[in-house]
Each structure stands twice: as structure tokens, then as C-alpha cells.
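Below: one structure, written as C-alpha cells.
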Amino acid sequence: MGGAGPQARKAVIVGGSVAGLFVGNMLHRQGWDVAVYERVPDDLASRGAGIARHAEMVPIMAAAGVTETGPLGIEVEGRVAVDRHGRELGRFRFAQHLTSWSYVYNPLKAAFPAGRYHGGRELVAIERQAGRPVACFADGSRVVADLVVGADGFRSRVRALFAAAVVPRYAGYVAWRGLVPEAELPAAFRAAGFGDYCFCFPPGGQFIGYPVAGADDSVVPGRRRYNFLWYRHVPDGAPLADLLTDGSGQRHDYSIPPPLIRPDLVARLHRDAAADLPPALADVVGRVAHPMLQPIYDVESDRIAFDGVALIGDAAFVARPHAGIGVLKAGEDAHALALALAAEPRVAAALDRFSAERLPAGKQAVALGRRLGAFIERGLDTPQTDPSLGLTTEFILRVSARPPSHSPELAA
Ligand SMILES: Cc1cc2nc3c(=O)[nH]c(=O)nc-3n(C[C@H](O)[C@H](O)[C@H](O)COP(=O)(O)OP(=O)(O)OC[C@H]3O[C@@H](n4cnc5c(N)ncnc54)[C@H](O)[C@@H]3O)c2cc1C
């Protein structure tokens, strides 16, 4: 279903990752003439790592034209916190699916008409022609549209054009991330530990580990992977700059490709893991020769709709990953925009409706991420070191990696 008739309204989607594909698929199915423009020439599937897959995603995937017949990922029964020796500190029952980012991205990409997805096209400016936005690309091409959607991630060019003051703000810590094939893990860990959604609080940080789908999206035992995220306090300035400086002395902005991370930093990570993590989790970290390193940023917009232009996904708001809702939020933004455009004949009225719904939701997500990461931002030894933060083990286990709507007290 879907496809554009001769009178179809035209949408330019900037960014061909999850947010762009959500909205591209939804508008295509509503009869819009849609094209997605993605800066990266290649497929993005290899980019992501493990994500929490929420039940709220099912209707959103359906609205994007993805019928899910297989398993939604790997089901865990709940969350468990352990101390440095692997002894249990707390447990919270909450069944959910954990999966890989590509498990969401791949079907969204497959559902979108290939001829309407243009890789290797970078948006550089948005001009106006007879009141309509005109997307201008680095190759000199221009596309006149009724709507431009900025789905171009946390360093959004579209956002910079309309709200230059809104920039990513470093949160004071980084996430080291890695994936280990299940088959490479010790039998003892595969038998006990692998299936847990595990939280641990090494000094000045937080470690999270959980099973995700395999590289081929398989959830069959034996072919899955174990995903870890280790948030570590790193002050801005020289300490962060050192992490982002490669072996040739080049300092990278915002993030650094894993192969360029200096071996001495990886060796230090492995040493610290041996000192600060339970042996089974230290073993997992030690098996990853090329971990990913992502400084954590907040992005908080005050406006997400401009004249014929909307911001969605990470371009609009980035909530720290403790909230675990980046992909869901991208889908909810896209869905709200598509529904508003279906309900309102005028784009301007639809953007007002979209903005009224999603601006507060984005701010709430950012606030939740900030709250859950406050102890790492300050480099505190444990979440409980400053009781005024209200970060008990119980709170962290219960509230992390869930939409804020699951926790009524967050609305206060
Ligand atoms: C450590 C970490 C853990 C996370 N864990 C989770 C989790 O458990 N659950 C979850 O839901 N989310 C998680 N997230 C967040 C999630 O990955 C993001 O929220 C999500 O990928 C955002 O999608 P997006 O499409 O908005 O942006 P992106 O995925 O960043 O995509 C933006 C796209 O726009 C393209 N682009 C940029 N500029 C231009 C331009 N000028 N022209 C054309 N194209 C352009 C880029 O190449 C990119 O492909 C995590 C994030 C991090 C960092």
C-alpha cells in the first residue's frame, strides 16, 4: 500500500536512520511523495548495538508498514543488580525484550521503497521558494517540498539552520560499549548470567550487560551476543580530549571510530574491568579488542517545528541512554507527525499539533536521562552517595530503560 499520486504532497526526509525511516514509511503509506536523503553512502545496519525493545513499539512498527511475525528480541524476566563480587544487591521483575539496533533498522529499511532512499546525499541548507521549503544538498541539487523533516541525528544540520543555539551538551561521562558472540563466552557464564539484564556500579560509573540478537539478527541460543555498556565519569577538557585522540595525535570531535581508539586506552579499560567488575563481567569486557566509545550528550530543543520543517528523533531531543528510549522516541515522534499530517489539511496546523504533543515528551525524556545519570555526571562513588538524588538501587532497576509513562512519579 502507499505511493504517491500526481497531487501528492511532497516530503523530504533528511537522515535515513531509524527516525527517518519511521516517518518515511508512515508518510509513504499515507500517500505522500516521500524521499529520504542520507549523508552516508552505505547501509547503516552495522552501526548500532543493543537496545531495549518496548511493547509500545509494536503499533509504531505496524504504522511504518512492518509486520512483525518473528520474536521481538530476547526476553528477559527482569533486572538484577550485583556488587563487585557478583553478589546480588537487588532484583526487579519486569519482562521485556532486548535486541539489537539493526533488528529495528533492517525491517524499516526493507519496508521503504529502495528507489526513494538516496544514500550519499548531504543536506547543507534549506531555502524558500514561493513559501515552500527547498532542501539544498552538497552536490548542488535542490528539492522543493511541502515538508522537510530533520531526522539527522544529534548533530542535526536542520536544527542548526533553525535553532543554532541548541547544541549537544556533554554530560560528563562516556559509554564504552561492546558485543561478544555468545559462542565465545565461557560455558559457566552462558549457563548463569548471560540471560540476566545485569546492573553493576563500579566506582564513578555504571555497568550494564544483557543478551541481544546475533550479528545475523538471530535470537537462537548459541547465536546471540552479549552487549555491555560501561558508563564512566570523564571530566570535560583534557581527560575527554585524551580519550578522543587517536594514535596519530588527531583529536576527534564528539566521538571516535573504534579502530582509531588508542590501544593503551583499551588496555586501561581491560585493567580497570579486572579491578572493578565481577570476574565474569570483567572477562566479557576483556574479550572486546575494539570497543566503541561514545561520549554522552544531552540535546534539549525549545522548538521542534518551524515553517514547513519538523525535527524528530535525536535531532529534536537526545535523552541519555539510561532511559533506553531513543528508538521508541524516534518512532513516537514520527507517528505523532504522521497522525497530525493525516488529521490536519494544512501543514502548519499539523506541525502545531505535532509540536504540542512531542515537545513536552522530549523534555520529559531528557529529564529522566539526566536524573538517572546524575551520579555518574558528578563522578560519585555510588548512586547512593548523595541521597538527595533519590537514586536507590530499587529506583534504578525499576525506572531505567523504560518509557517515563511507566513510572507515574516521574510526571510530578
Ligand atoms: C550508548 C548508547 C546506547 C543507546 N541505547 C539505546 C537503547 O537501549 N534503546 C534505544 O531506544 N535507544 C538507545 N540509544 C539511542 C538510539 O541509538 C538513538 O536514539 C537513535 O539511533 C536515534 O535515531 P535517529 O534516526 O534520530 O538518529 P541517528 O541514528 O543518529 O541518525 C541520523 C542520520 O542522519 C544522517 N545525517 C546527519 N546529517 C545529515 C545531513 N546533513 N544530510 C543527510 N543526512 C544526514 C546521519 O548520517 C544518520 O544516519 C542509545 C544511544 C547510545 C549513544
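The values are calculated or read from the model by the stated rules, or taken from the named source; none is laboratory data. Predicted model only: the values in this text are computed from it and were never measured. Neighbour counts are summed over all protein chains in view; Cβ atoms, including those assigned to glycine, are modelled from backbone coordinates with ideal geometry. Remember, those area values only see protein heavy atoms, side chains included, never the ligands or the DNA or RNA. Shrake-Rupley method; radii C 1.70, N 1.55, O 1.52, S 1.80 Å.
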- Query: Residue separation times 0.36 nm, minus the C-alpha to C-alpha distance between SER388 and ARG84: what's the value?
  - Reply: 107.0 nm
- Item | Solvent-accessible surface ranking, highest first, for ARG91, ARG128, ARG402 at 1.4 angstrom | ARG91, ARG128, ARG402
- Message: Of the candidates ASP42, ASP283, ASP298, which one comes out as most mobile in a Gaussian network treatment of the chain with C-alpha springs shorter than 10 Å?
- Response: ASP42
- On Cα atoms only, tilt of 18-29 relative to the major axis of the chain in degrees: 40
- Message: From the phi angles alone, apply the Karplus equation (6.51, -1.76, 1.60; θ = phi - 60°) to segment 356-364 and give each ³J(HN,Hα) in whole Hz, x where the residue is Gly or Pro.
- Response: 4, 7, 9, 4, x, 5, x, 5, 5
- By how many nm would the segment from HIS118 to ASP146 grow when fully extended, if each residue of separation counts as 0.36 nm and the alpha-carbon distance is taken off? 8.2 nm
- Message: Modelling each spin label as a point 7 Å along the Cα-to-Cβ direction, I'd like the SER405/SER255 distance in nm, to one decimal.
- Response: 2.7
- Task: Find out how many positive minus negative residues lie around ARG142, taking Lys and Arg as positive, Asp and Glu as negative, among other residues whose Cβ is under 14 Å from that of ARG142.
- Result: +1
- Report Rg (one decimal) and Dmax (nearest whole number) for the chain, counting Cα atoms only, units Å. 21.3, 67
- What does the charge count near GLY237 come to, summing +1 for each Lys or Arg and -1 for each Asp or Glu among other residues with Cβ under 15 Å from its Cβ? -2
- Rounded to the nearest 10 degrees, what's the angle between the helix 263-276 long axis and the longest principal axis of the chain, both from Cα atoms, 0 to 90? 60
- Message: Quick check: net charge around GLY369, other residues with Cβ under 13 Å of its Cβ, Lys/Arg +1 and Asp/Glu -1?
- Response: +3
- Message: Stokes-Einstein diffusion coefficient for segment 174-234 at 25 °C in a medium of 0.890 mPa s, Rh from the Kirkwood formula over Cα pairs: what value in µm²/s?
- Response: 203
- Query: Hey, any idea what the orientation-averaged projected area of the convex hull of segment 258-394's Cα atoms comes to, in nm²?
  - Reply: 11.3
- Query: What lysines could a cross-link reach from LYS363, if we take a straight Cα to Cα line under 25 Å and drop same-chain neighbours fewer than 8 places away?
  - Reply: LYS329
- Message: What do you get for the angle between helix 326-343 and the principal long axis of the chain? Use alpha-carbon atoms, 0 to 90 degrees, nearest ten.
- Response: 20
- Query: What percent does the relative contact order of the chain come to when contacts are Cα pairs within less than 8 Å and at least six residues apart?
  - Reply: 19
- Message: Can you give me the accessible area per residue for the chain, using a 1.4 Å probe, in Å²?
- Response: 41
- To one decimal place, what Kirkwood hydrodynamic radius in Å is obtained for segment 122-239 from all pairs of distinct Cα atoms? 18.5
- Message: Could you derive backbone 3J(HN,Hα) for segment 111-125 from the dihedral phi with the Karplus parameters 6.51, -1.76 and 1.60 (θ = phi - 60°), listing whole Hz in sequence and x where the residue is Gly or Pro?
- Response: 6, 8, x, 4, x, 9, 9, 10, x, x, 10, 9, 6, 10, 7
